[in-house]
1. State which stretch of the chain is the longest one without any exposed trypsin sites (Lys or Arg not before Pro), exposure meaning a DSSP loop state and at most 12 other Cβ atoms within 10 Å.
2. Suppose only helical runs count, i.e. DSSP H with n ≥ 4. What mean residue ellipticity at 222 nm does that imply for the chain under -39500 (n - 2.57) per run, divided by all residues and rounded to the nearest 500 deg cm²/dmol?
3. Taking 45 Å as R0, compute the FRET efficiency from the Cβ-Cβ separation of residue 267 and residue 172 and round it to 0.05.
4. Of all DSSP beta bridges in the chain, what percent run antiparallel (nearest 5)?
5. May I ask you to work out the translational diffusion coefficient for the range 123-228 at 10 °C, viscosity 1.306 mPa s, via Stokes-Einstein with Rh from the Kirkwood sum over Cα pairs, reported in whole µm²/s?
6. Could you go through the range 246-253 in sequence order and give the Karplus-derived ³J(HN,Hα) for each residue, using 6.51 cos²θ - 1.76 cosθ + 1.60 with θ = phi - 60°, rounded to whole Hz, and x for Gly and Pro?
7. Would you grab the residues whose amide H sits under 5 Å from the one on residue 36? Only those 5+ places off in sequence or on another chain, please, with H modelled 1.01 Å from N.
8. Could you pull out every residue, at least 5 positions away or on a different chain, whose amide H is within less than 5 Å of the one on residue 128? Hs are placed 1.01 Å off N in the peptide plane, and Pro or chain starts have none.
Amino acid sequence: MTALDQNTAGATLTVDLGALAANWRRLGADASPATAGAVVKANAYGLGLGPVAQALASAGCRHFFVADLDEGLELRRALADAEIYVLHGLPPGSEGEYAARRLIPIISTPEQIAAFAAFARRGEGAPMAVGVQFDTGMNRLGLDHTHAPSLAAELRPFVLKLVMSHLACAELPEHPMNVLQRRRFDAARAHLAPAPASLANSAGIYLGPEYGYDLVRPGIALCGVDPLARTPNPFAEVAALFGKILQIRDVDRGETVGYGASHSLLRKARIATVAIGYADGFLRALSGQSNRPTSGHGYIGEFKVPVVGRISMDLITLDVTDAPAALAHPGASVQFFGGRQPLDQFAAAAGTIPYEILTRLGSRVHRAYRNAATP
Ligand SMILES: *Cc1c(COP(=O)(O)O)cnc(C)c1O
């Protein structure tokens, strides 16, 4: 792993921007004739907002979704021309910021409509661009779909750039919620002036062409995770996590490892201490305990190395007895996801989903970018 030697960080996430761009193109082809945007909230799912957004823009992506205003401002600094939709809408008092930075709020309450309309009336110049989100059954965020008839008049002061909703069960194709939400979405849209529409996240793209509308909003599939867990995974691998071995010690049978002495060694073992911990997003649920099957593991080359003992804040310990000393030595890298252990399997071992693993990766984890398009 010569590339990893270039930095002094204990943990490194490699991000293949060429694979990311290829995934975006595939999603666009699969969603066609709908256009593919990109959801880059939460620091682009932990991969790094600036490099990810730039790679997608180079590939031709024009429509980006972030969660909140701060993310929108950061993305605007990276991309001067993109259409940036802010899913959480419009906090009171932030109207001027949206206008100045050309951010498009996705409005989800009547109060936001009123506040933005009042702001628009005070200002001069071009009418403000907005999107609206209808809640069609998830009961999480959005205007009530049954209130659509009264909204057309209230939205008249704006340029309506997007009407959207979000699916609760897109990764369950047979679930009746999908059809119900699509019907409610269509009924609500019918009351508004014609505007581009968007319903599908990554999984929603594969529910059928009637879910594509004008714009699709993939996030996790861009990162190489198939929300439908198909075999083989149709998406290219984007993210891989590595940790560096700080120290190796030989420990006698019967000794314990780590906090709480929760792990007793059943044999004489070589224990490698790696510079990654729960502060870096290596979840404590991956801890190993001698009296239950170990949940977390990594790979050194082709050798599987299980977590032993509790995950600590900055360190983990692995049993590397079965890996040759030529590979398992201080300074060597251990791979945790990517390659032999796909991200969804690593997440399952931690009792969670790939989304949570990626977005929990801490700021101490060095992000190393590969295969950026040459301008
Ligand atoms: C996060 C999010 C998405 C992307 O979902 P994926 O499952 O990652 O593709 C799309 N739309 C909305 C409203 C979201 O919050």
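1. In the chain, the maximal stretch lacking such sites is 1-139.
2. Here the helix-only value at 222 nm equals -7500 deg cm²/dmol.
3. 0.55
4. Here the antiparallel bridges make up roughly 50 percent for the chain.
5. Rounded to a whole number, D works out at 110 µm²/s.
6. These are the phi-based 3J(HN,Hα) values: 8, 7, 10, 9, 8, 10, 6, 3 Hz.
7. Here the answer is 216, since their amide H atoms fall under 5 Å of that of residue 36.
8. 159
Any read-out appearing in this document is the output of simple, stated calculations on the displayed coordinates, not a laboratory observation. Bear in mind that the values here come from a model prediction, so they are computed numbers and not experimental data. Here Cβ is always computed from backbone atoms with ideal geometry, including for glycine, and neighbour counts include all displayed protein chains.
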